[in-house]
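Asks: Pasting a structure below so you can have a look.
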Amino acid sequence: KAGVTQTPRYLIKTRGQQVTLSCSPISGHRSVSWYQQTPGQGLQFLFEYFSETQRNKGNFPGRFSGRQFSNSRSEMNVSTLELGDSALYLCASSSTPGNTDTQYFGPGTRLTVL
Amino acid sequence: DQQVKQNSPSLSVQEGRISILNCDYTNSMFDYFLWYKKYPAEGPTFLISISSIKDKNEDGRFTVFLNKSAKHLSLHIVPSQPGDSAVYFCAAPLSGSARQLTFGSGTQLTVLP
């Protein structure tokens, strides 16, 4: 079974631009969560989608948004990029609600904002 | 404000010895904890978890201990192997949501051959 895939793996943008990142969950998984990892901050929860609906949202500004498609693939969008948005963005998929130890992470997208 | 804290950014251990990674939390409502391992250029991989109704959970070389009164948990790896060298994160679900985890800042474990 293929794992969680994220595209692109690396991205370089400049301040003020916008970016879209993509995540394909493991086949059959309907939940996708997004996390941001910056040096010294650990991983911070962005949002979670289940069956095309956003179920939870972390403490991030409205510039960060996402969506999920009927095939469970998810995208996140960051508008008006700032230098501080440089980070590793990870998505994780899981199959059943309430099952904490089956979140499978993708390799991440490394975003650099210049 | 970080609700899960890992105060040691790095730890070096000799191969064959015990590795002990520590994690503190502030939210007494947390009832489930997880440890993830992360290699460079890969996403975190689930390692082991523990429910607050237990004080110990063991899986092969990995054991997690939970001290609720001290709001402290630790991951023991015995014996440590060079392949265990990675960043280790402890995490807990926020608001009871399984898929909204709050993570510590991680501890880089280096196992020396």
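The values are calculated or read from the model by the stated rules, or taken from the named source; none is laboratory data. Quantities reported herein were computed from a predicted structural model and do not represent experimental measurements. Cβ placement follows ideal geometry from the backbone for every residue including glycine, while neighbour counts extend to all protein chains displayed.
Asks: Identify, by number, the condition in (1) surrounded by fewer than 17 Cβ atoms within 10 Å (Cβ to Cβ); (2) over 17 Å from residue B:33 (Cβ atoms) that residue B:76 doesn't meet.
Replies: Against the list (1) surrounded by fewer than 17 Cβ atoms within 10 Å (Cβ to Cβ); (2) over 17 Å from residue B:33 (Cβ atoms), residue B:76 comes up short only on (2).
Asks: Assess whether residue A:109 counts as being modelled with pLDDT of 95 or more and among the polar types (S, T, N, Q).
Replies: yes
Asks: Here's a follow-up. So how many residues does the stretch B:6-50 have that are touching a residue at least 12 places away in the same chain (Cβ under 8 Å) and farther than 16 Å from residue B:64 by Cα?
Replies: 17
Asks: Taking the stretch B:58-113 only, how many residues are more than 9 Å from chain A (Cβ to nearest Cβ), under 14 Å from residue B:25 (Cα atoms) and in a loop (DSSP other than H, G, I, E, B)?
Replies: 4
Asks: Turning to a different aspect of this structure: If I filter the stretch B:66-86 for residues that are without any contact (Cβ under 8 Å) to a residue 40 or more places away in the chain and within 10 Å of the chain's Cα centre (by Cα), do I get at least one hit?
Replies: no
Asks: From the residues in the stretch A:5-38 that are within 14 Å of residue A:88 (Cβ to Cβ) and within 9 Å of chain B (Cβ to nearest Cβ), which one is surrounded by the fewest Cβ atoms within 10 Å (Cβ to Cβ)?
Replies: A:9
Asks: If you scan the stretch B:24-36, which residues turn out to be buried (at least 17 other Cβ atoms within 10 Å of the Cβ) and either among the polar types (S, T, N, Q) or within 11 Å of another protein chain (Cβ to nearest Cβ) (or both)? Don't jump to the end; show me each part of the working.
Replies: Step one: filter the stretch B:24-36 for residues buried (at least 17 other Cβ atoms within 10 Å of the Cβ), giving B:24-25, B:30, B:32-36.
Passing the criteria: B:32, B:33, B:34, B:35, B:36.
Asks: Of all residues in the stretch B:70-104, which are of a type in the set (Gly, Ala, Ser) and either at pLDDT below 95 or touching a His at 6+ places or on another chain (Cβ under 9 Å) (or both)? So that I can check it myself, show each step before the final result.
Replies: Initially, the stretch B:70-104 is screened for residues of a type in the set (Gly, Ala, Ser), giving B:70, B:74, B:80, B:83, B:85-86, B:91-92, B:95-98, B:104.
B:91, B:92, B:95, B:96, B:97, B:98, B:104, listed by residue number.
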